[in-house]
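The values are calculated or read from the model by the stated rules, or taken from the named source; none is laboratory data. Predicted model, so just to flag it, every value in this text is computed and none were measured. Every residue, glycine as well, gets a Cβ built from its backbone with ideal geometry; the counts of neighbours run over all protein chains shown. Each accessible area value is taken on the protein alone, full model and side chains, heavy atoms only, with ligands, DNA and RNA left out. Shrake-Rupley method; radii C 1.70, N 1.55, O 1.52, S 1.80 Å.
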Amino acid sequence: MSKDALLAVPNVWKPELYKIQLDAPTPKPVPCERGEILGPTWYGQEYHGEMDHKACEEMLRDKPDGSYLVRRSPGAESYYTLSLRFGQATKHFKIFYTREQGHFLRENFKKFETIQEMVADGLVDFYMRLHAAPILKEMMSQTKKCYEQSPYMTLHRRKLRSLCNELCKPSKLPMVQDSLETADTEIADDERDGAEPGVDPEASEKLDPYDNAYPAYEKQHAFKTHTFKGLNWCEFCGNFLWGFTSQGVKCDDCGFMAHFKCSELVPAKCVPDLKRLRGIFGVDLTTLVTAHKCRIPFIVKKCVEEVENHGKLQEGIYRISGFADEIEALKMALDKDGEKADVSAHKCNINVIAGVLKLYLRLLPVPLITFQAFPLFMESMREKSVGEQVIALRNAVKALPPAHLHCLKYILEHLNRIASDHAMNKMNEHNLATVFAPTLIATPQHMTDLSQEISMLAALISHCHTIFL
């Protein structure tokens, strides 16, 4: 990176919002001076019993900002009222409490262990709206105009570049490089005329889109509301994550932290951290292959190889179930030990290995044939001729995300090889489709007639080599 580019990069940490939060008023409970008032155990001396609006206004009139009390409004049954002084005015809020959730203003909103935490968070919010509005407006206008100039790229440019170099072979680089082109506008030493050294443009055009060594580098972040401890800042805009609870969101897969609004602008370039993945079962397929830097999940490859080496000719393969406790034991071993787990037929019954493969595919959060692409697959079977059906299926598979497309191709080609020995194993395309339809396609449990889905899947197995050109 050139010296001029370094000078142009803004400071990642922007302390203005943090400084403003420090100036926000702090909670000042107004104790009840009437000793005979008995209130809920979750409130302390700030509870004043039944009190109407006018009496409360009179009591808080000359109190400093941050002063608050809790009262029972006349006629109220299912809630209490928090009265809070801010900006030389008294604000009133309905508040609720449950032992499981704590204190809150409404469902599906922030929850607090104590009423003081709720007041502190509210005061910060009010103060930010009043004094930080110009900063917040500027934040959003800057990031919406060009995320490449945001601190997101300052923080993650090297990370994205190193991932790109690690995943890509020279002849397979253009697909990934295109998605990262804007991420490295300052780094031009290794880029000449828009291409990587050693890349043959004509050769890149001949690449088989279904046979890339790795999927295109694009994965959505798995953001969830998070309460941060200590000082933290948004990795997208570089500004302070203000508040005392639920200050923003955090990605479960890579740990990326952001404001709620900023998270809507973050590009789909999550770099999953293996340390954050809890096993492999029930993990999103794109997340898993991106984290393990592979095209096909290792569990799929291992199970398929064992079945082809030791169970291809076994009668009823995939139809005959293994013992449930042995399948569960192998599942736990794979979740715990990953690629080091022993998935050999010498240790496990081949039906157990086949059962684990089906279980893995069945537990995918997004099925191998995704919800969005599924209608296209089903519509293809409405074509009159087999040739037209194949063409329609060829278009349908293109609607799948790269990770799903590669894995589906791998599974179908495997099932096609199993079906080629149906004279020995009694498992033709229709039989295999009957077994795998509930596994590869998300179907409601109450749905018993899968005849159309089975026909579609049987066609995929039969014509997989033509469909995946």
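Key figures for this structure:
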{"quantity": "For segment 32-111 versus segment 309-331, the gap between their alpha-carbon centres in whole angstrom", "calculated": "62"}
{"quantity": "Size of segment 292-385 as Cα extents on the principal axes (Å, biggest first)", "calculated": "47, 34, 23"}
{"quantity": "Cut-off under 5 Å, modelled amide H: who pairs with Phe236 long-range", "calculated": "His259"}
{"quantity": "Rg/Rh (Cα only; Kirkwood hydrodynamic radius) as it applies to segment 71-120", "calculated": "0.97"}
{"quantity": "Spin-label pair Leu363/Ala76, simplified geometry with 7 Å Cα→Cβ offset, distance in nm", "calculated": "4.7"}
{"quantity": "Mean accessible surface per residue for segment 18-138, computed with a 1.4 Å probe while every protein chain stays in place, in Å²", "calculated": "60"}
{"quantity": "Additional length obtainable on full extension of the chain from Ile320 to Leu231, 0.36 nm per residue less Cα span", "calculated": "26.5 nm"}
{"quantity": "Segment 294-361 - percent relative contact order, Cα under 8 Å, separation 6 or more", "calculated": "50"}
{"quantity": "Estimated FRET transfer efficiency (Leu22, Thr466; beta-carbon r; R0 51 Å; 0.05)", "calculated": "0.15"}
{"quantity": "Förster-model FRET efficiency, 60 Å R0, Ala329 and Lys94, C-beta, rounded to 0.05", "calculated": "0.70"}
{"quantity": "Residue-by-residue Karplus 3J(HN,Hα) for segment 401-407, coefficients 6.51, -1.76, 1.60, Hz, glycine and proline x", "calculated": "x, x, 4, 5, 4, 4, 5"}
{"quantity": "Separation of the Glu383 and Asn309 label points, Cα + 7 Å toward Cβ, nm", "calculated": "3.8"}
{"quantity": "R0 of 56 Å, Cβ-Cβ distance Leu105-Lys398: FRET efficiency to nearest 0.05", "calculated": "0.75"}
{"quantity": "Order of exposure, largest accessible area first, which applies to Leu277, Leu265 with probe 1.4 Å", "calculated": "Leu265, Leu277"}
{"quantity": "Across Lys110/Lys219; Lys219/Lys275; Lys224/Lys275; Lys19/Lys94; Lys94/Lys250, pairs whose alpha-carbon gap is larger than 21 Å", "calculated": "Lys110/Lys219; Lys19/Lys94; Lys94/Lys250"}
{"quantity": "Estimated distance in nm for a label pair at Arg61 and Glu33, the labels positioned 7 Å out from Cα along Cα-to-Cβ", "calculated": "1.5"}
{"quantity": "Space enclosed by the convex hull of the alpha-carbon atoms of segment 298-468, per residue, Å³", "calculated": "115"}
{"quantity": "Mean Cα-pair separation over length for segment 18-138, i.e. relative contact order, pairs under 8 Å, 6 or more apart, %", "calculated": "23"}
{"quantity": "Segment 69-134: trypsin sites (Lys or Arg not before Pro) in DSSP coil with no more than 16 other Cβ atoms inside 10 Å", "calculated": "Arg99, Arg106"}
{"quantity": "Percent accessible area from carbon and sulfur atoms, segment 361-455, protein chains only, probe 1.4 Å", "calculated": "54"}
{"quantity": "Å² per residue, accessible surface of segment 234-351 at 1.4 Å", "calculated": "45"}
{"quantity": "Thr98 accessible area, 1.4 Å probe, all protein chains in place, Å² to nearest 10", "calculated": "40"}
{"quantity": "Backbone HN-Hα couplings from phi across segment 330-345 [Karplus 6.51/-1.76/1.60, Hz, Gly and Pro as x]", "calculated": "5, 4, 5, 5, 5, 5, 7, 9, x, 5, 7, 5, 7, 10, 8, 5"}
{"quantity": "Percent carbon-and-sulfur accessible area, segment 18-138, ignoring ligands, DNA and RNA, probe 1.4 Å", "calculated": "50"}
